[in-house]
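What follows is one structure encoded as structure tokens, with my remarks underneath.
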């Protein structure tokens, strides 16, 4: 870290950052501030807590592009795993049905 801005360019850098004591303490503060609830689900009138899903901390301004906000609590929010995957357009959130590789696949329906 140079002047409190973490270096997060490589996968190894990010692993080191997310394993740091500083991040773990800030992550806990974010969870407590958000009452251990997914903020997107809450905005939709649903309650998703750690007993329902894995809760993750999302950088609103993405870590990759804005490392200067990496440790800014105001740049963090609690999201459930599904919402976090949806936010980053990952394919493994519940909103997407599994796509068939071939049109004639009939098994697994």
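The values are calculated or read from the model by the stated rules, or taken from the named source; none is laboratory data. Only a predicted model underlies this, so the values are computations on that prediction, with no experimental measurement involved. Because the Cβ atoms are built from the backbone with ideal geometry, glycine has one as well, and the counts that use them run over all protein chains shown.
A few comments on the model shown:
- Restricting segment 62-74 to residues that are free of Cβ contacts under 8 Å to residues at least 24 places away in the same chain and either assigned to a helix (DSSP H, G or I) or within 12 Å of the chain's Cα centre (by Cα) (or both), the residue that is surrounded by the fewest Cβ atoms within 10 Å (Cβ to Cβ) is 74.
- Options 29, 16, 9, 25: the member that is exposed (fewer than 14 other Cβ atoms within 10 Å of the Cβ), at pLDDT below 95 and on the phi < 0 side of the Ramachandran plot: 9
- With respect to being surrounded by 13 or more Cβ atoms within 10 Å (Cβ to Cβ), at pLDDT 95 or above and outside any helix (DSSP H, G or I), residue 58 fits the description.
- Set 90, 77: member being in a loop (DSSP other than H, G, I, E, B) and surrounded by 12 or more Cβ atoms within 10 Å (Cβ to Cβ): 90
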